[in-house]
2 protein chains.
Amino acid sequence: MLGLGLIGGSLARAVGPLLPVFGWTPSPGTAQAAISDGYDVEPSLEKALGRAARTDALVVLASPVTKFRGLLRTIGELAPTVRLTDVASVKVAVEEDVADLAPGTRYIGSHPMAGTAASGWPAGSAALFRGTAWVTALTDDSDIDDWAMVAGLALAVGSRVVPADPQAHDLAVARVSHLPHLLALALAQVGEQGGALALSLAAGSFADGTRVAGTRPELVRAMTETNRDALVDAMDDALGILGVARGSLASTGSLLKIAQAGHAARDRFEHRSDQLAAVTLDGDDLVDQLLSVGAAGGHVSGVKRTAGGLTISAWYPDEE
Amino acid sequence: MLGLGLIGGSLARAVGPLLPVFGWTPSPGTAQAAISDGYDVEPSLEKALGRAARTDALVVLASPVTKFRGLLRTIGELAPTVRLTDVASVKVAVEEDVADLAPGTRYIGSHPMAGTAASGWPAGSAALFRGTAWVTALTDDSDIDDWAMVAGLALAVGSRVVPADPQAHDLAVARVSHLPHLLALALAQVGEQGGALALSLAAGSFADGTRVAGTRPELVRAMTETNRDALVDAMDDALGILGVARGSLASTGSLLKIAQAGHAARDRFEHRSDQLAAVTLDGDDLVDQLLSVGAAGGHVSGVKRTAGGLTISAWYPDEE
């Protein structure tokens, strides 16, 4: 575990009872806190990577994404063929950095969608991942055995595993995670421009709509700025819908279209997982089968090694 | 109580134990449900208004704002000098309709900010108003005794009373209530455009950011479309902030400005009521004093009739 903040610290706590886990953090204060809590923390990155290489550990990059290139360079030097995953909220940029700086690692990108506005070792919890989506990135080059180890880790901590192509992942999170942050940040400012009276009247819809604006700005920037192209597209779609609504309100006084289309979309979101069917995946084209499950809105619920290879249980949306 | 939906039905339940309350609803099903629950429901609008005029009751317009003009016309005919308030989420348009159709009523506009995505008599609860803001509209023409009755009602059901000029109210709610609805409606659509994978990854920020898109479209339209000018301004401010951020992301790759300014604004919102000082208002210029309290972000916590007139307790933000 490289990094012991909210995600790394939570993962260390969740995995600790199941598997040997050791970590490293650049922060002496965090290291001290984790050691006091009984965790195994290596004093240097070099020692941590040497131990990972010797024990064939799965290395988890759990530091801020802005630190990845420096870490990957060291991994490429000291543990060039290690098993590797990360927990960043973008996947294309990290895949590229890994290919550039640590191309020999057995890398499978992860995105556990379990962030909160809190951060740091003390905010961590073994329960953070329970019931959340954990994206595992898959490409034609992915080794299914490397994937199985990362998927097994995600399942062990209580997540549902969503296989996704890195680019499809980035497009999706631009819309359901990064754009919501920007809308919340804009709303917080527009509300404040209304002055003290406006803020004293702010309740449910404003509090809900601005909640993620409480996330630390450097974390928001790290995730949004590394997903530039997909996020610009999502912003354009939002600006388009709002611009049309603004024009309609100003000219005809009607908000019919946005009110109906938005309500219908929210309604479908709320009822999206009503019907799921259990399926079993095996055979030679597991990467393709897994990507189909993820693209359809399904997820993996179990991974078993059998004599014939891997047998994977998944839930697949059931068309009515 | 004219209208026994979420707000009217909740108010009937909250006031019932304190004062005699009777209601009317155009829906036979709602009337039947309220009668079964032990409430006093008049069979016709005419009977309800006749009784209100005879008993000098406070009439509460609690129907959808789109029905107000019809009701006000009947009030102007059958109970032209009755005490009157309403619960609509816009105040300028209702003030104008009252001046037009029932100018002799002793009207004080209200906006209890206690809506939820639910609606109808069964969704009501006596606790709905506890701890929420209840705006009371005040102008130079307002009679302070009429205001005191409405404020007393709001305090009795557990609200804090926020005095506000009708126009200042409309500008404020455009920013902290109506705009959040439109952003949620747009976000719900942009998320869905990301397909099944995007919705299966949607969690905290998307669920929070789209929650109020679950409100019934006709309620959203009723409140937003009647607040057109203020809402267009708020939308322009939001579109401006998002447009600048979009340009900066596309050109320089930076979201520094929106990330920092939005986070700071959210932070000030979260800590806005840390310091409040108790003040007592009395004297001749109570309307002006009350409007100052509301404009500064304060609220009224008590209204007492004394020999010398009204004595009002309020909380006023304490500058550090």
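The values are calculated or read from the model by the stated rules, or taken from the named source; none is laboratory data. Keep in mind that this is a model prediction, so the values were computed, not measured. Here Cβ is always computed from backbone atoms with ideal geometry, including for glycine, and neighbour counts include all displayed protein chains. Heavy atoms of the whole protein, side chains included, go into the accessibility calculation; ligands, DNA and RNA do not. Shrake-Rupley method; radii C 1.70, N 1.55, O 1.52, S 1.80 Å.
Compared with the dominant principal axis of the Cα atoms in chain A, helix A:228-251 is inclined by about 10°. Partner shielding of A:214-227 amounts to 4, given as the average count of beta-carbon atoms from other chains within 10 Å of each residue beta-carbon.
For region B:96-141, the solvent-accessible area with a 1.4 angstrom probe is 41 square angstrom per residue. The lysines within cross-link reach of A:Lys67, meaning a Cα-to-Cα straight distance under 16 Å and a gap of 8 or more places when in the same chain, are A:Lys91.
How charged is the neighbourhood of A:Gly23? Take every other residue with its Cβ under 15 Å from the Cβ of A:Gly23, and add Lys/Arg as +1 and Asp/Glu as -1. The answer is -1.
Dipole of chain A, Cα-centred, from +1 at each Lys and Arg C-beta and -1 at each Asp and Glu C-beta, to the nearest 20 debye? Approximately 1080 debye in magnitude.
For the residues of A:126-134, the average number of beta carbons from a partner chain within 10 Å of their own beta carbon is 1.
Leaving ligands and nucleic acids aside, the A/B contact buries around 7700 square angstrom of accessible area in total at a 1.4 Å probe radius. Would you please classify the overall shape of region A:209-248 from the alpha carbon gyration tensor, given that a ≥ b ≥ c denote the square roots of the eigenvalues, rounded means a/c under 1.5, and beyond that prolate means a/b larger than b/c while oblate covers the rest? Since a/c reaches 1.5 but b/c is at least a/b, the shape of region A:209-248 is classed as oblate.
Per-residue SASA remark: B:Lys47, around 120 Å² accessible (1.4 Å probe; ligands, DNA and RNA not included).
For chain B, the carbon plus sulfur part of the accessible surface works out to 51%, probe radius 1.4 Å.
Calculated mean residue ellipticity, 222 nm, chain A: -15000 deg cm²/dmol, from DSSP H runs (n ≥ 4) at -39500 (n - 2.57) each, averaged per residue and rounded to 500.
For the pair A:Val232 and B:Asp267, a Förster radius of 25 Å applied to the C-beta separation gives a FRET efficiency near 0.40, rounded to the nearest 0.05. Accessible area per residue was computed with a 1.4 Å probe on protein heavy atoms; B:Leu71 scores about 10 Å². Based on the alpha-carbon gyration tensor of region A:19-167 and its eigenvalue square roots a ≥ b ≥ c, which shape applies: rounded if a/c is under 1.5, prolate if not and a/b is larger than b/c, or oblate? In terms of gyration-tensor shape, oblate.
Between B:Ser89, A:Leu276, A:Ala33, the Cα set farthest toward the positive side of the dipole of the protein assembly as shown (charges on each charged residue's Cβ, about the Cα centre) is that of A:Ala33. What residue among A:Ser292, A:Ser159, A:Ser254 has the largest mean-square fluctuation in a Gaussian network model of chain A, using Cα springs under 10 Å? Comparing A:Ser292, A:Ser159, A:Ser254 in the GNM, the peak value goes to A:Ser254. Once the Cα atoms are used to define both axes, helix B:6-15 deviates from the longest principal axis of chain B by about 50 degrees. Between identical copies, the spacing of B:Asp267 label points, each set 7 Å from Cα toward the C-beta atom, reads 4.2 nm from nearest to farthest. Measuring how big region A:259-320 is from its alpha-carbon positions, Rg and Dmax come out at 15.1, 55 Å. On the basis of the beta-carbon distance and an R0 of 56 Å, B:Met149 and A:Thr311 show a calculated FRET efficiency of 0.20.
Annotation for region B:233-298 versus region B:1-56: alpha-carbon center distance of 38 Å. Dipole magnitude for the protein assembly as shown: computed about the Cα centre from +1 point charges on Lys and Arg Cβ and -1 point charges on Asp and Glu Cβ, it is near 1020 debye.
Copy-to-copy label distances for A:Pro28, where each label lies 7 Å from Cα along Cα-to-Cβ, are 8.1 nm in order of increasing length. So how tilted is helix A:144-156 from the main axis of chain A? Cα-based, degrees 0 to 90, rounded to 10. Compared with the principal axis, the helix lies near 70 degrees. Across all directions, the shadow cast by the convex hull of the protein assembly as shown built on its C-alpha atoms averages 32.4 square nanometres. In summary, the convex hull built on the alpha carbon positions of chain B has an orientation-averaged projected area of 19.2 nm². Under the simplified labelling scheme, the B:Ser248-B:Lys304 pair shows an inter-label distance of 5.2 nm, with each label point 7 Å from Cα along Cα→Cβ.
Of the residues A:Asp145, A:Asp170, A:Asp267, the one that moves most in a GNM of chain A with alpha-carbon contacts below 10 Å is A:Asp267. Once you have a ≥ b ≥ c as the square roots of the Cα gyration tensor eigenvalues for region B:5-65, tell me rounded if a/c is under 1.5, and otherwise prolate or oblate according to whether a/b is larger than b/c. Taking the square roots of the gyration eigenvalues as a ≥ b ≥ c, region B:5-65 is rounded. Largest first and in whole Å, the equivalent-ellipsoid semi-axes of region B:181-282 read 29, 22, 17, each the square root of five times a Cα gyration tensor eigenvalue.
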